[in-house]
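The values are calculated or read from the model by the stated rules, or taken from the named source; none is laboratory data. Since the model is a prediction, treat every value here as computed from it, not as a measurement. Ideal geometry is used to build each Cβ from the backbone, glycine not excepted, and the neighbour counts take in all protein chains shown. All accessible areas refer to the heavy atoms of the entire protein, side chains included, with ligands and DNA or RNA removed. Shrake-Rupley method; radii C 1.70, N 1.55, O 1.52, S 1.80 Å.
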Amino acid sequence: MRELALSYLNGKKEAGRRAPRKPRPAYLLSDKLMTVYETPRPKLSDPGRVYKHLEDLKDENREVMVVICVTAQNRGILREIIHIGLVDQCNVSSRELLKPAILNSASGIIIAHNHPGGNPSPSEADITTTKMIESACTLFNIRLLDHVIFAHDAYFSMQAAGFISEDKS
């Protein structure tokens, strides 16, 4: 049994069997993990523009949580995938979401995640998470501009629906 386990970990092929597939490191899974916006930086002033910048993620089969860090003029600094969850949930902490904003001196953030099932309507957990993140942003004086939930061909803006307060000063 020990030899079998070692041969699996080393990727060696046994006689009559195909070689086991080695797990790929996360950095090889996708070039989508982080995007640093070059100049001119895109202006992300409405949920439609945010959705357009997330089109490469709309067909993912698991929930993907993304943070987009922006300048005071709402121009993108970077987009980073914070967490890849399950088919129907993506648990993420405020600390994980705010870290890129703090490290990159961002004035604000836009958070977004997909709903692989195709319905972009927010769940109760989405609403609760948005309120939690909004409170954390207030502590660090970082503006939470929006939480966009997107699906294959539609999106939902928490800010437009009134779940995020209007005061962005």
Zone of Glu96's modelled label, taken as backbone nitrogen in segment 132-158 under 18 Å from a point 7 Å along Cα→Cβ = 132-137, 147-150
Where in segment 137-169 does the label zone of Lys52 land, with the point 7 angstrom along Cα→C-beta and an amide N cut-off under 16 Å?
-> 154-155
Once Tyr51, Tyr155 are ranked on solvent-accessible area with the largest value leading and a 1.4 Å probe, the list reads Tyr155, Tyr51
May I ask you to rank Ser107, Ser157, Ser45 by accessible area, largest first, using a 1.4 Å probe over the protein chains only?
-> Ser45, Ser107, Ser157
Equivalent ellipsoid dimensions for segment 40-108 as semi-axes, Å, which come from the Cα gyration tensor, largest first = 21, 16, 8
How much accessible surface area, in Å² rounded to 10, belongs to the heavy atoms of Asp59 with a 1.4 Å probe?
-> 110 Å²
With θ set to phi - 60° and the Karplus curve 6.51 cos²θ - 1.76 cosθ + 1.60, what are the ³J(HN,Hα) couplings of segment 126-132 in order, to the nearest whole Hz, using x for Gly and Pro?
-> 4, 5, 4, 4, 4, 5, 5
Which value in nm describes the separation of the simple spin-label points at Glu166 and Leu86, placed 7 Å from the Cα toward the beta carbon?
-> 3.9 nm
Pulled fully out, how much extra length does the chain show between Ser105 and Asp153, if you take 0.36 nm times their separation in residues and subtract their Cα-Cα distance?
-> 14.0 nm
What accessible area per residue comes out for segment 47-169, rounded to a whole number of Å², with a 1.4 Å probe?
-> 48 Å²
Keeping the other protein chains in place, figure out the carbon and sulfur percent of the accessible area of segment 43-169, with a 1.4 Å probe.
-> 50 percent
